Amino acid sequence: MTLKPESVKAAKYHFKASDIGVFKIGNLNEITKKLVQEGHIYGFTDGNFSLIDLIYALLQKIGQSDIVICTWSAGIKDSHNIKWMLDTKLIRNIKIITDMSFPSRKKNYSIALDNLFGSENIRMARVHAKFVLMQNDNWNIVVNTSMNLNANKTIENFQVIDDKELFDFMMCYTNVHFDNQKPGFDVKFSEVQKSYKLFFNETLETESEWWKF
């Protein structure tokens, strides 16, 4: 699929400029303060905060980080809030992985993501998994969750883990897609399939104890 902004009708997005940089922290600070180095926390949301709010709260705790977001879908307001975190230096570098169906399901949104973050920072995958990786000199955070990068108004689960070995394993999945695939959303299925096979046919065979993670 070739994404051409000029071919897309003007989209009306349901947020205001004043929504950007505003997060529903609620009791999230009480949750994140329980996270210690080499520790983990697990919880359910109450529908009052979303993945974007958890990302913000974690960055407030651990400081500026490089991050990876793997999501089946992405909301436009939350994507703009990620860009705000980049602009305000909470996020140093970003990599985004979406399911390969995203540009056909949400064409306007995929164009917006491409404009916000650049094709070089985006890859597609055969994926329904959702996770976030955050790394700086002191932390190697893995967030496993049921939440996509959009509004999550029902109960969702999340697990936040500081573990270098697990982080490296998840980063291997990320690197397979970024190292072996054309950037952005205009990618053939065969390329996406190649990354899928590379990871499962090679990576998991060499990581004989991957299941212990």
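Among the residues of region 122-155, those that are of a type outside the set (V, I, T), over 14 Å from T71 (Cα atoms) and either touching a residue at least 60 places away in the same chain (Cβ under 8 Å) or buried (at least 18 other Cβ atoms within 10 Å of the Cβ) (or both) comprise M134, Q135, N136, N138, W139, N140, K153.
Could you check region 25-44 and list, in sequence order, the residues that are assigned to a helix (DSSP H, G or I) and surrounded by fewer than 17 Cβ atoms within 10 Å (Cβ to Cβ)? I'd like the intermediate steps shown before the answer.
The first filter runs over region 25-44 and keeps only residues assigned to a helix (DSSP H, G or I), leaving 28-32.
Result: N29, E30.
Entry remark, region 33-50: residues being in contact (Cβ under 8 Å) with a residue 60 or more places away in the chain and either among the β-branched types (V, I, T) or under 23 Å from K164 (Cβ atoms) (or both) number 10 in total. With the structure loaded, tell me whether T174 is polar (S, T, N, Q) and assigned to a helix (DSSP H, G or I) or whether it fails that test. In short, yes.
Taking V176, is it surrounded by 15 or more Cβ atoms within 10 Å (Cβ to Cβ), out of contact with any Pro (no Cβ under 6 Å at 6 or more places or on another chain) and closer than 30 Å to Y42 by Cα?
Numbers: surrounded by 15 or more Cβ atoms within 10 Å (Cβ to Cβ): yes; out of contact with any Pro (no Cβ under 6 Å at 6 or more places or on another chain): yes; closer than 30 Å to Y42 by Cα: yes.
Yes.
Only the coordinates and a few stated rules stand behind these numbers; no lab work does. Values in this document were obtained by computation on a predicted structure and should not be read as measured data. We place every Cβ from the backbone using ideal geometry, glycine too, and count neighbours over all the protein chains shown.
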